[in-house]
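Undergrad: Dumping the structure here so I can ask a few things about it.
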Amino acid sequence: MPRFKLTVEYAGTRYSGWQIQTNARTIQGELARAVEAATGRDRFELYGSGRTDAGVHALGQVAHLDIATTLPPAALRDRVNHELPTDIVLIDVEKASHRFHARHDAVARRYLYQIARRRLAFGKPLVWWVRDPLDLGVMRRVAARLQGFHDFRSFTDDEAGEKSTTVELTRCDVVEAGSLVLIGVEGSHFLWKLVRRLVGVLVAAGRGELAPDAVEAFLTQPSDLPARLTAPASGLFLERVFYPGDQRDVPLLPVLNF
C-alpha cells in the first residue's frame, strides 16, 4: 500500500485540536473525512507528527497516509483539498518510503507564538494582544535560561509519573517584527501546554510582574504559577516539523505583517 507524506496548514480556531475525538470536530477527523470522500476508500491509516491542542494553528503539520490508490500525489492533494473546509489546506503531498513515520522520524519541531502590541482589526484569532509594555531584553534573558535540558513539570499538565517531563529546548527566541513580538521555541518534542505556559512566563517577566531569577525555581521544584500564566491558544502555531537533512536555521517570520 503506498505511503504519502502530507504537509498540512490549518487555522485551529474552530477545532478541538488535531487528534480525532468522539463528538468533537478535529483536524485529523476533517482530513480523514476528506480523504475518504476524495478517494472512495474507507480503509486507510493517517498519522500526524504530533498533537496540537484546541484552538492551536499549524503552518506545517506533517502526517503520513497509507492508502490503496493509483492517484499521483498532485491529484490526491487537489481532490482532498476540494473536500476540506477552507481553514484546512493540504500544502503538499509526496510519495514516501514505507519506513517513513511522521512522528517517529521527526528530529525537531518548532513552534511560533505571536504577541500583538496593539489592537488589530484583522488578526485577533492569530495573536495574543498584550496591552502592557513589554521589556524584550528581560524576555530574552529569561528565554536564554529556559534553553537546554530541564524538567518542565511546572509547565505541563502531563503526569510526571506517567512520562518524562524532561525536555531539551534547543532554541527559545524573542524577535521583534513591527507591532508583533514573535517567540520561537524549538525542541525534539513538547509536553502538553509547555509552549503556552512558557510564553506566559516570558510575558509576565516582560511586564515586570515576574523577576527573571524566579524562573530558575520553576525548573527545580513544582510550581502552579506557570499554569496560572498560560497564554491563550490563539497566538500559537506549529510552524515546522524537521526531518533528517532538513535545513534548521530558517528565520522566524510572522504569519501576517500587522
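A short reminder: the numbers here are calculations on the coordinates, not readings from a lab. In this text the structure is predicted, and so the values were computed from the model without any measurement. Neighbour counts run over all protein chains shown; Cβ positions are idealised from the backbone, glycine included.
Undergrad: Need pairs with beta-carbon distance below 7 Å; first residue within 17 Å of Thr69 (Cβ to Cβ) and within the range 87-98, second of a type in the set (Phe, Trp, Tyr) and in a strand (DSSP E or B); sequence gap 6+ or separate chains.
TA: These pairs meet every condition: Val93/Phe4; Glu94/Phe4; Lys95/Phe4; Ala96/Phe4.
Undergrad: I'm trying to understand the selection: among the residues of the range 7-21, which are in a strand (DSSP E or B), in contact (Cβ under 8 Å) with a residue 40 or more places away in the chain and not acidic (Asp, Glu)? Full working, then the answer.
TA: As a first pass, look at the range 7-21 and keep what is in a strand (DSSP E or B): 7-10, 21.
Next, from what is left, pick out any that are in contact (Cβ under 8 Å) with a residue 40 or more places away in the chain: 7-10.
Of everything in the range 7-21, those that are in a strand (DSSP E or B), in contact (Cβ under 8 Å) with a residue 40 or more places away in the chain and not acidic (Asp, Glu) turn out to be Thr7, Val8, Tyr10.
Undergrad: Taking the residues in the range 166-208 that are over 18 Å from the mean Cα position of the chain (by Cα) and of a type outside the set (A, V, I, L, M, F, W, C) as candidates, determine which candidate is surrounded by the most Cβ atoms within 10 Å (Cβ to Cβ).
TA: Gly206
Undergrad: State all residues of the range 228-242 that are under 14 Å from Phe155 (Cα atoms) and of a type in the set (D, E, K, R); if no residue qualifies, say none.
TA: Arg228
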